[in-house]
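Okay, so here's the structure we're looking at.
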Amino acid sequence: LGIPRCVDNATLNGRIQDLSNYFHDLKHNLPSVSYIILPDSQESSPKDILKGQESVVSLIISLMQSKYWNNSLFILTYSGSGGWYDHVSPPQNSQFEHGFRVPTLFISPYSHDGIVDSTFYDTLSIIKFIEYNFNLKSIDFRDSLSNNILSAFNFNKPPRNSNESVENLFENYQTTITKKKSIIKENIFFTFNIYLIVLVGSIVLFYLLLRLIIKK
């Protein structure tokens, strides 16, 4: 939405849809490729990270429960590292330097179960996969040099059962949310006590100074 070429061009602008259309399309005709941006549900400070996580979970579960699940790939990635920096400098790709690593998940009925793929990817690897999947030419030399994300999947096995995946996702998510809410409550309680101690201490100090002034 911040790119003039997309906003000012009537054809491209017409492809920018409200997020509610995603849930509608899952029941009717889902586009082959969609980019989803959650500007109102970011997890960066001072946003509530739970709202961002709940939004993403709703998108993923809705896909799992749709008729498109067996032929789908949901890529969850971020625009920044969230403050987690590498212990080594980013590598070079031609004359371009890569940035710090960002969290990325490949969610699909064909994703390897419980595996961290150590293949070197960059954001252009996503475009590389789209080009491969739809038999498209590379945009330029940078995406042609990127590694495809194919090693993250096993297309020789049957698709993973969505009902089981949704149940596991719900269970893990509820456990995580319960823990986070408990931590938040503990932090609020701790912060409140600190403020209370500071307030009481300030009142006592003010009282002692006032008595000292009155005596003088």
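The values are calculated or read from the model by the stated rules, or taken from the named source; none is laboratory data. Given the structure is predicted, the values throughout are model-derived calculations rather than measurements. Positions of Cβ are backbone-derived with ideal geometry, glycine not excepted, and every protein chain shown enters the neighbour counts. Calculation scope for accessible area: heavy atoms of the full protein, side chains included, ligands and nucleic acids excluded. Shrake-Rupley method; radii C 1.70, N 1.55, O 1.52, S 1.80 Å.
Things to note:
- Every residue from the range 130-140 that is free of Cβ contacts under 8 Å to residues at least 24 places away in the same chain and part of a helix (DSSP H, G or I): E131, Y132, N133
- Checking each residue in the range 141-167 for being in a helix (DSSP H, G or I) and either without any contact (Cβ under 8 Å) to a residue 24 or more places away in the chain or of a type in the set (V, I, T) (or both) picks out D143, S144, I149, L150, N163, E164, V166, E167.
- Restricting attention to the range 57-67, the residues that are open to solvent by less than 70 Å² (accessible area, probe 1.4 Å) and more than 21 Å from I127 (Cβ to Cβ) add up to 7.
- Inside the range 124-169, residues that are of a type in the set (V, I, T) and open to solvent by less than 40 Å² (accessible area, probe 1.4 Å) make up a count of 4.
- Which listed residue is open to solvent by 70 Å² or more (accessible area, probe 1.4 Å), under 13 Å from the mean Cα position of the chain (by Cα) and not acidic (D, E), from I37, I3: I37
- Among the numbered conditions (1) under 19 Å from V33 (Cβ atoms); (2) aromatic (F, W, Y); (3) within 20 Å of the chain's Cα centre (by Cα), the only one that F100 does not meet is (1).
- Counting only helices (runs of 4 or more DSSP H) that sit wholly inside the range 1-118, those with at least 2 residues that are at pLDDT below 85 are 49-64.
- Residue satisfying all of: in the range 105-127; touching a helix residue (DSSP H, G or I) at 6+ places or on another chain (Cβ under 9 Å) and β-branched (V, I, T); farthest from W69 (Cα to Cα) among these: T119
- Beta carbons closer than 7 Å, at least 6 apart along the sequence or on distinct chains, pair a first residue in the range 12-36 that is over 20 Å from E131 (Cα atoms) with a second that is open to solvent by less than 60 Å² (accessible area, probe 1.4 Å) and among the hydroxyl-bearing types (S, T, Y) for F23/S62; L26/S62; L26/S66; L26/Y68.
- Considering S44, S108, S89, S72, the condition of being over 22 Å from K157 (Cβ atoms) and touching a residue at least 12 places away in the same chain (Cβ under 8 Å) is satisfied by S44 alone.
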